[in-house]
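Colleague: I'd like to ask some things about the structure below.
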Amino acid sequence: MRFALAGNPNCGKTTLFNLLTGSTAHVGNWPGVTVDRREGVYKGTPRSGVSQKIEIIDLPGIYSLSPYTPEEVIARDYILEDGPDLVINIVDSTNLERNLYLTTQIMESDIPVVVALNMTDVLRKNGGSVDARELSERLGAPVVSISALRSEGIDELMRTAAEAAGKPRNGSSIIENSCMGDAVRDIARLFRERGLTNPVFRAVKAIEGNIPRGEADLAGEIEDIKGRIELGEVFEDDFEAAAADARYGGITEKFRGVVTLLPGARGMSVSDRIDRVLTHKLLGLPIFFIFMYFVFHLTFAEPLLFTDLVTDGGVPSPGVMMQGWMGSFTEWARGAVGGAMESAGASAWAKGLVADGVFAGVGSVLSFLPQILMLFLFLSIMEDSGYMARAAFLMDRPLRRFGLSGKAFLPLLMGFGCSVPAMMGTRTLDDEKERRLTIMLMPFFSCGAKLPIWAMFGAAVFPGSAGNAVFAIYAIGIAAAVVTSIILRKTILRGAASVFIMELPAYHLPRPLNLLIHLWEKTRGFVIRATTIIAGATVVIWCLSNFNFSLDMVEPNSPGSIVGVLGRLAVPIFIPLGFASTPEAWKAVVAIVTGLIAKEMVVSTLGVLYNPEVEGDALEDETASGALAAALVASFSPASALSFMTFNLLSVPCMAAVASANGEMRNARWIWGTIAFWLLTAWCGAFIVFHAARLLGF
């Protein structure tokens, strides 16, 4: 059997999906679009009494089945065309009336429906209650009270759903009791005579102006039926608005009294009291920036807070500490593989390729995985607790000055994790100019793949102040986004920001299972790239640095190697940026070029090029780390290091991000123009940072 989960955003649908599927869940894409398709298999319990194999499909969060957004089209088509055995409609009991708008639309289909009345524990805490039995009788579908966050009522929900899935039902519409009732019944009869499925749902949509494909010959008869509807002066001929009004009116009338509130329960909730501080017009933004500063400090700082005043050298932050442990492990693995190959009599070039090339490159990137996980953990906590939506609300007013709405803040914030899904998230923006602008600004919000660059240069060139250096890079990115957005909005992307409307969910403690799933989904792409793309690219770089154009083996990274020749050709372009004026400058240039393919490759390339002859991982082994640090200090001043970091921050994120941007823009001229914009901005930004840093004495 196949069950579909449907519900409004922030209703607890994803939490329920994670509870039902656990480790069986996987994420793909819906056919023809890049909206995530989440599905898994129900991992039943003995208490549920459900023995059948049940596939769970998590439909996108939507407010209605009207086909305006890609998410609404996906949900509508899956329910109507693919025909799941049952729809579990998750309803937020603290916002019952609004959530029932979608419920009444689903009830118009012929698919069996079970309503999962979620967050009843929150409603009780606020002094209210829902009569689930009365709601079930008035709705005409089973209703089960649950708390997905506390894992309450889940077994009963699945037991009820399994029983309802085998029972046929006919759709019914709440607007049949309005002035449009006769028209709904007459048009539904026409569709039944044609053998169409879900005739009531299709009849309501026909009244709203959406006649089913292949039934255009009924258009005249449908218009005659609609002509008998008396809408009044308020709506005139706007049947869609009239249908929405009739639906809300029916919901208010039919379900009055289902929710009861105790005397005094209508006062401020806990979330409201918290929001008085966190969304305060003066305190909100400073609190948000302070929080983000501590996120970066706990992830990258060495020493932690003021521990250097108490102990010699201080205590490293959790992120730096775990990065050291991971580095030790990757160094051990590299030594073990190298030793095994030497014992097996492998040739020197084979040992160098595998141990010094693949394992050194991949290991140096994976050593930063703990810090990436830690940053993702903080972002997941913000998202799961409800604070992420507040951050978007807080940023709406300042973003609007630069031609963006608060809705654009969410994709931009996702860019701190990975630019690929962040660019996919721009499809929630209705205005095409705002969507293009957001995509063009995306690389300026440092993704997880760039974190190893910041961590490496922070430790080598900015000892004792790595956290401040990383924070400065993030600040540079935000400043670049502000300046370029103003320029673009006044030139090629003229126009005002779109209207921003967003629901603020109630605060709650993040669920550990949700956090773990979020971390896995956000980091597995990084790990996959590190073990596939980066490994392959490392092999290519090793070959280019160990062979000349005659394919003769030369000294690693010598001027006569292929990579040495190519790097020197591009050096003049980067001389004004400050980091291309030393004899070793071509190595930094090569690292920038490989970073255009995948930013994770920058660290691997620098490790291979700058530290080829020292045994051990160039970033973790004590001897190798010292050699790498000495090489970086000899090649980079603090000003040129900031310039190098700035260029990598603002330039093309990676080829995967370019492909994602192309999929969202769907215009060859715009995508090539965007690539040129990224490269030009990176060059100008690095130039400004270098010369400003020199003026400041760096």
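Colleague: To the nearest 0.05, what FRET efficiency results for Gln52 and Asp182 with a Förster distance of 41 Å applied to their C-beta separation?
Modeller: 0.50
Colleague: Go through 187-199, 151-163 and give me the packing order, highest mean Cβ count within 10 Å leading.
Modeller: 151-163, 187-199
Colleague: What distance in nm lies between label points placed 7 Å from Cα along the C-beta direction at Lys490 and Leu679?
Modeller: 2.7
Colleague: Separate question: In debye, nearest 20: dipole of segment 2-172 around its Cα centre with unit charges on the Cβ of K, R (+) and D, E (-)?
Modeller: 420
Colleague: Starting with the highest mean, order 666-677, 114-125 by the number of other Cβ atoms within 10 Å, averaged over the residues of each peptide.
Modeller: Going from most to least packed, we get 114-125, 666-677.
Colleague: Tally the DSSP beta bridges in segment 2-172 and give the antiparallel ones as a percent, rounded to 5.
Modeller: Around 35 percent of the beta bridges assigned by DSSP in segment 2-172 are antiparallel ones.
Colleague: Ranking request for peptides 57-63, 641-647: highest mean number of other beta-carbon atoms within 10 Å first, then the rest in descending order.
Modeller: Highest to lowest by the protection proxy: 641-647, 57-63.
Colleague: Could you give the length gained on full extension between Leu515 and Arg189, defined as 0.36 nm per residue of separation minus the Cα-Cα distance, in nm?
Modeller: 112.5 nm
Colleague: What does the charge count near Ala243 come to, summing +1 for each Lys or Arg and -1 for each Asp or Glu among other residues with Cβ under 13 Å from its Cβ?
Modeller: Spelling it out: positives minus negatives among the neighbours equals -4.
Colleague: Something else: Between Tyr293 and Met1, take the C-beta separation as r, use R0 = 56 Å, and let me know the FRET efficiency to the nearest 0.05.
Modeller: E between Tyr293 and Met1, to the nearest 0.05, is 0.65.
Colleague: Once ligands and nucleic acids are excluded and a 1.4 Å probe is used, how much of Asp224 is accessible, expressed in Å² to the nearest 10?
Modeller: 100
Colleague: Report the Rg/Rh value for segment 176-260, based on alpha-carbon coordinates and the Kirkwood definition of Rh.
Modeller: Rg divided by Rh gives 1.02.
Colleague: Where the centre of each part is set by its Cα atoms, how far does segment 273-291 sit from segment 378-401, in angstrom?
Modeller: 11
Colleague: Continuing with the same structure: Under a crude label model (7 Å from the Cα following the beta-carbon direction), how far is Arg150 from Arg228 in nanometres?
Modeller: Computed distance between label sites Arg150 and Arg228 equals 5.2 nm.
Colleague: Further question on the same structure: For the full complex of protein chains and a 1.4 angstrom probe, list Lys351, Lys53, Lys254 by accessible area with the highest value first.
Modeller: Order by accessible area, largest first: Lys53, Lys254, Lys351.
Colleague: Right, next: What are the lysines whose alpha-carbon lies under 17 Å from the alpha-carbon of Lys53, with same-chain residues fewer than 8 places away excluded?
Modeller: Lys43
Colleague: Separate question: For Ile62, list long-range residues whose amide hydrogen, built 1.01 Å from N in the peptide plane, is under 5 Å from its own amide hydrogen.
Modeller: Hits under the 5 Å cutoff: Gly7, Asn8.
Colleague: Report the FRET efficiency, 1/(1 + (r/R0)^6), for Val539 and Trp672, where r is their Cβ-Cβ distance and R0 is 30 Å, rounded to 0.05.
Modeller: For R0 = 30 Å, the calculated efficiency reads 0.50.
Colleague: Hey, another quick one. Charges on Cβ only, +1 for Lys and Arg, -1 for Asp and Glu, centred on the Cα centroid of segment 2-172; of Thr21, Gly171, Pro142, which one is farthest towards the dipole's positive end?
Modeller: Result: Thr21.
Colleague: Please compute the modelled spin-label separation between Ala350 and Arg694, points set 7 Å along Cα→Cβ, answer in nm with one decimal.
Modeller: 5.0
Colleague: Given q = 0.09, 0.15, 0.16 Å⁻¹, what are the Debye log10 I(q)/I(0) values for segment 2-172, with equal point scatterers placed on the Cα positions and solvent ignored?
Modeller: Summing over Cα pairs of segment 2-172 leads to -0.27, -0.79, -0.90.
Colleague: Pull out the extension gain between Ala219 and Val315, defined as 0.36 nm times the separation in residues minus the alpha carbon to alpha carbon distance; nm, one decimal.
Modeller: Extra length from Ala219 to Val315 when fully extended: 27.1 nm.
Colleague: Shifting gears a bit: Tell me the per residue accessible area of segment 56-137 using a 1.4 Å probe; a whole number in Å² is fine.
Modeller: Computed with neighbouring chains in place, this is 31 Å² per residue.
Colleague: Around Asn648, under 10 Å between beta carbons, what's the net of Lys plus Arg minus Asp minus Glu among the other residues?
Modeller: Here the charged neighbours net out to +2.
The values are calculated or read from the model by the stated rules, or taken from the named source; none is laboratory data. For clarity, every value in this text was computed on a predicted model and none was experimentally measured. In this analysis, Cβ positions are derived from the backbone assuming ideal geometry, glycine residues included, and neighbour counts consider all displayed protein chains. What goes into the accessible areas is simple: the full protein's heavy atoms, side chains included, and nothing from ligands, DNA or RNA. Shrake-Rupley method; radii C 1.70, N 1.55, O 1.52, S 1.80 Å.
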